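The values are calculated or read from the model by the stated rules, or taken from the named source; none is laboratory data. Predicted model, so just to flag it, every value in this text is computed and none were measured. Backbone-built Cβ (ideal geometry, glycine too); neighbour counts: all protein chains shown. Please note that ligands, DNA and RNA were not included when accessible areas were found on the heavy atoms of the full protein model with its side chains. Shrake-Rupley method; radii C 1.70, N 1.55, O 1.52, S 1.80 Å.
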Amino acid sequence: MYISAISLFVNDTDRAAAFFTEKLGWELKRNDPMGEGMRWMTVAPPDARTAFVLVKGFGNWSQEKVGGWTGVVIEVDDVFATNAAWSAKGVEFTEAPSVQFYGGWAQFKDSEGNEFGLHSQAPANG
C-alpha cells in the first residue's frame, strides 16, 4: 500500500507543470483531458510512487485554496545542495537552509505560491 496522488491546487496547470519539470527536474506523468477546460495532470520526481495532481476546476478547487503552506515535506539527500541547485534555476526559497535537531531544513514556493518543506535526514554542512 502507498499514497499514489496528492492534490495540489493551482491557478495555471501548464505553468505549475513547467515549474516542477523545468526547475525541480520532475517528470510529467499524466496529462489527460477531463472535460471542458480540465485535465488530469500529474507530476512527480523520477521513480517516485507518489505524484501531485495539479488541480484546477475540479476537486473542490477555489482561488482561496491556491498558495500558502501545503504541509508537504520533500525529502532530499542534502538541503544545502538542493537549495543551491534549485536557486540557480530561479526557485524562491522562503526559508534558507539550516541544520536543525531533526536534520537539514529549508522552505520554498512553487509558481503558484504553494509552499513546501525541504528536509534531509543527516544534517549537512552549510
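Of note:
- Considering only residues in region 95-107 that are in contact (Cβ under 8 Å) with a residue 24 or more places away in the chain and touching an Asp or Glu at 6+ places or on another chain (Cβ under 7 Å), the one that is nearest to residue 10 (Cα to Cα) turns out to be 106.
- Residue 46 being part of a strand (DSSP E or B) and not charged (D, E, K, R): no
- For the criterion of being free of Cβ contacts under 8 Å to residues at least 24 places away in the same chain and not charged (D, E, K, R), residue 117 fails.
- Selection status of residue 50, touching a Phe, Trp or Tyr at 6+ places or on another chain (Cβ under 8 Å) and under 14 Å from residue 8 (Cβ atoms): yes
- Filter result (touching a Lys or Arg at 6+ places or on another chain (Cβ under 7 Å), of a type outside the set (Asp, Glu), open to solvent by 40 Å² or more (accessible area, probe 1.4 Å) and outside any loop (DSSP other than H, G, I, E, B)) within region 78-126: 94
- The C-beta contact set for region 66-94 (first residue farther than 16 Å from residue 20 by Cβ, second residue of a type in the set (Ser, Thr, Tyr) and assigned to a strand (DSSP E or B), distance under 7 angstrom, 6+ apart or interchain) comprises 77/120; 78/120; 79/120.
- Of residues in region 6-40 being surrounded by fewer than 16 Cβ atoms within 10 Å (Cβ to Cβ) and small (Gly, Ala, Ser), the one nearest to residue 60 (Cα to Cα): 7
- Filtering region 49-77 to residues that are assigned to a loop (DSSP other than H, G, I, E, B) and either within 17 Å of the chain's Cα centre (by Cα) or hydrophobic (A, V, I, L, M, F, W, C) (or both) leaves 49, 50, 56, 58, 61, 66, 67, 76, 77.
- Residue in region 57-64 that is open to solvent by less than 30 Å² (accessible area, probe 1.4 Å) and either closer than 25 Å to residue 2 by Cα or touching a strand residue (DSSP E or B) at 6+ places or on another chain (Cβ under 6 Å) (or both) present: no
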